[in-house]
Structure formats: structure tokens, C-alpha cells
1. For A102, indicate whether it is of a type outside the set (S, T, Y) and within 21 Å of S80 (Cβ to Cβ).
2. Kindly check whether there is at least one residue in segment 46-61 that is among the polar types (S, T, N, Q) and either in contact (Cβ under 8 Å) with a residue 60 or more places away in the chain or part of a loop (DSSP other than H, G, I, E, B) (or both).
3. Go through (1) in contact with a Lys or Arg (Cβ under 7 Å, 6 or more places away or on another chain); (2) farther than 22 Å from N176 by Cα for T27 and report which single condition fails.
4. Cβ-Cβ under 8 Å, sequence separation 6+ or interchain: first residue in segment 82-100 and more than 21 Å from C12 (Cα to Cα), partner hydroxyl-bearing (S, T, Y). Which pairs?
5. Mind listing just one residue for me: the one in segment 146-181 that is out of contact with any strand residue (DSSP E or B) (no Cβ under 7 Å at 6 or more places or on another chain) and either assigned to a loop (DSSP other than H, G, I, E, B) or aliphatic (A, V, I, L, M) (or both) and, of those, modelled with the lowest pLDDT?
6. E47 is checked against (1) closer than 24 Å to M148 by Cα; (2) surrounded by fewer than 16 Cβ atoms within 10 Å (Cβ to Cβ); (3) of a type outside the set (S, T, Y); (4) at pLDDT 95 or above and fails just one. What number does that condition carry?
7. Say we look at segment 5-18 and pick out the residues that are touching a helix residue (DSSP H, G or I) at 6+ places or on another chain (Cβ under 6 Å) and assigned to a strand (DSSP E or B); which of these is surrounded by the most Cβ atoms within 10 Å (Cβ to Cβ)?
8. Quick check, is E76 acidic (D, E), buried (at least 19 other Cβ atoms within 10 Å of the Cβ) and in contact with a Lys or Arg (Cβ under 9 Å, 6 or more places away or on another chain)?
Amino acid sequence: MEETLAQRPASCIKIVLFGPESTGKTTLSEDLANYYNEPLVKEYMREYLQQVWDSEKRVCEPKDIISIAKGQMEAENRLSKQAENLLICDTNLLELKVYSEAYYNNYCDPQLLKHALNNNYDLYFLTYIDVPWKPDDLRDKPHDREKMFQKFQNTLEKYQKPYFILRGNREVRFKNAVKKIDELIKKQES
């Protein structure tokens, strides 16, 4: 398992969309990947849990967390080889850590925790809760949005991860994200 959760070295800039459910992460990550014509690491947790829900009619259990983490890192490591300058990640292991602790009484598998903290990203876009809640099969915390947002922000601050809060509608978020990414690209080129 050690190897399957490890982030492989890559020369590209890595950006993570990070935050509570139903805050526009997937939409923005798709917009950014299309704008920059760079790979998008989709949220494996959603794909995995939708399959579990559809086939077994059950929600995520602690036994699922490592399988989700492995799938997420497999995709990230594979797609980082395809990136020219930039990799957009619609989540990462640190987000999985936050959810694990939120749902399982502050428990996080030690291997997940180790890699969530060791894996490096150039910038986290923390998505604020100022967009409408959109229910689906997997979302279940419409009344805990502020509390969940604080968990995500506290995690970034506790572990001193570089982040920028994205607020506003889709266009405003996109504009602000592009500005920050362009700054990183310019800094890397100089």
C-alpha cells in the first residue's frame, strides 16, 4: 500500500480544488483544465461511491477509504506524466482525510494521513459555500456547510498548505483562479 498512495515526482504545477461538497469544485476544475488544455484528475471518490450506492445501496464505510485513496493517486500519478505545465486535481488525499475524520469520529487511516501530508501541491483553491446547494445521491450535509468549510480551512492552516479562498459565482471564481495560476506559471518560468 505504501507505494500506491505515494505521489510520484512531477515537474508540472499541481493545483487542487478543495472544500466541502457542493461548492463548485468539479465545475471549476473542468473549466480550468479546458482553459489551460491540461489534464484533469477527476474525483475518484465520487465515481467509487456512486458505484457502491448503485450496486449495494450503501454509503461510504471506513473500509472504502483506502480503495478510494489508491484510485485517486493512481489517476493523479498517471495524468501528471501527461501534463505539460499544469495538473488540475478535483480533490486529493488531504480532502479524503478531512472527510474520513468528519464521518468516522476523527479517525484517519495512518497510511492515508502520512501520504495526505507528504504529497505536495503548489496551490489549494478552497471553495467557499456561497453557491447554491445541489442535492444528489451522495451529498448529505446541506446544513453543515459552514462547519465543514471550517474543517477544510483549519486543515490547510494546521498543515501550512498554500491556499486561496474562491468566492462568488462561477465566472468570478474562474477569473480569480486563472489569475493565481498565471502567477504560478510566470514564477516557474522565471
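1. Details: of a type outside the set (S, T, Y): yes; within 21 Å of S80 (Cβ to Cβ): no.
No: the conditions fail for A102.
2. Checked segment 46-61: at least one residue is among the polar types (S, T, N, Q) and either in contact (Cβ under 8 Å) with a residue 60 or more places away in the chain or part of a loop (DSSP other than H, G, I, E, B) (or both).
3. (2)
4. Matching pairs, first to second residue: K97/T155; V98/T155; S100/Y107.
5. If we filter segment 146-181 for residues that are out of contact with any strand residue (DSSP E or B) (no Cβ under 7 Å at 6 or more places or on another chain), which is where we start, we get 146-151, 154-155, 157-160, 167-172, 174-175, 178-179.
Subsequent filtering for residues that are either assigned to a loop (DSSP other than H, G, I, E, B) or aliphatic (A, V, I, L, M) (or both) retains 148, 159-160, 167-169, 172, 178.
Working: M148: 93, Y159: 98, Q160: 98, R167: 98, G168: 97, N169: 97, V172: 98, V178: 98.
It comes out as M148.
6. Unmet for E47, out of (1) closer than 24 Å to M148 by Cα; (2) surrounded by fewer than 16 Cβ atoms within 10 Å (Cβ to Cβ); (3) of a type outside the set (S, T, Y); (4) at pLDDT 95 or above: (4).
7. Here the answer is L17.
8. Criteria met by E76.
The values are calculated or read from the model by the stated rules, or taken from the named source; none is laboratory data. Since we're looking at a predicted model, the values are computed, not measured. In this analysis, Cβ positions are derived from the backbone assuming ideal geometry, glycine residues included, and neighbour counts consider all displayed protein chains.
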